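What follows is a short report on a single structure.
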Amino acid sequence: MVHPRNSRCLSPANALARPSAAKPAAPSAKAEIIDPRSIGLRSLELKKPVFDAKAVARADEALSAMGDELQLWLDADIERLQAARMRAEAVNWTPLSQEDVYAIAHDLKGLGATYGSAFATQIAASLCRLIETDAGKALAQRDPTLARAHVDTLRASVRDGIRSSDHPIGQALLQALEARVAALGVAPC
């Protein structure tokens, strides 16, 4: 794909890019009008599922085979989150430092279930809701206790193998954190 700046249309050698002294040519034929409602529509017919049961089984086997690697990746993301938290602490949780925490939490929100920890996904999502708005960032800068609690919960859950909100401790932590975030009113609807 050609970058728009390198396109032939913008090339100085192209007559379209510079004004021409010659008169424009008169149209030689009538324009054809195409009604997209009748001609332009195309239907996509999928006769069978895009992914059949065998493909799903192969994907599950591949994820199972990567189990140890996925745990290492989860551990690495938790370490990245803790490092971002420490950097945020060092600068008193400025909005810019919270962007780093948010980016890593957002990654965990998306990848937690793939890593085998739906609980990490839920806690990271709660942290994202807390600091994704300017109001949330301002609140976290004044009192970072709740943001710290989210990071600590993620760290402890990975350390102790809490992978689901069905775990009694995980359930209590998740409910408490989500309730606090909701009560603050800083998260978008």
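The values are calculated or read from the model by the stated rules, or taken from the named source; none is laboratory data. Because the structure is predicted, anything quoted here is derived from the model rather than measured. Cβ sites come from the backbone with ideal geometry, for glycine too, and all protein chains shown count toward neighbours.
Scanning the range 83-121 for residues that are surrounded by 24 or more Cβ atoms within 10 Å (Cβ to Cβ), among the polar types (S, T, N, Q) and either at pLDDT 95 or above or farther than 17 Å from D152 by Cβ (or both) yields a count of 1. Checking each residue in the range 49-84 for being closer than 17 Å to A118 by Cα and aromatic (F, W, Y) picks out only W73. Listed by first and then second residue, the pairs linking a residue in the range 71-83 that is basic (K, R) to a residue that is surrounded by 15 or more Cβ atoms within 10 Å (Cβ to Cβ), with Cβ atoms under 7 Å apart and 6 or more places separating them unless they lie on different chains, are R80/I104.
Within the range 31-63, the set of residues being modelled with pLDDT of 75 or more and among the hydrophobic types (A, V, I, L, M, F, W, C) comprises A31, I33, F51, A53, A55, V56, A57, A59, A62, L63. One residue stands out among those in the range 126-153 that are in contact with an Asp or Glu (Cβ under 9 Å, 6 or more places away or on another chain), of a type outside the set (S, T, N, Q) and within 21 Å of G110 (Cβ to Cβ): the one that is surrounded by the most Cβ atoms within 10 Å (Cβ to Cβ), which is I131. For the range 162-188, filtering for residues that are part of a loop (DSSP other than H, G, I, E, B) and within 12 Å of L130 (Cα to Cα) leaves 4. Filtering the range 154-164 to residues that are surrounded by fewer than 18 Cβ atoms within 10 Å (Cβ to Cβ) and of a type in the set (G, A, S) leaves A156, G161, S164.
Among helices (runs of 4 or more DSSP H) entirely within the range 84-159, having at least 2 residues that are touching a residue at least 12 places away in the same chain (Cβ under 8 Å) and under 30 Å from A62 (Cβ atoms) singles out 95-111, 118-131.
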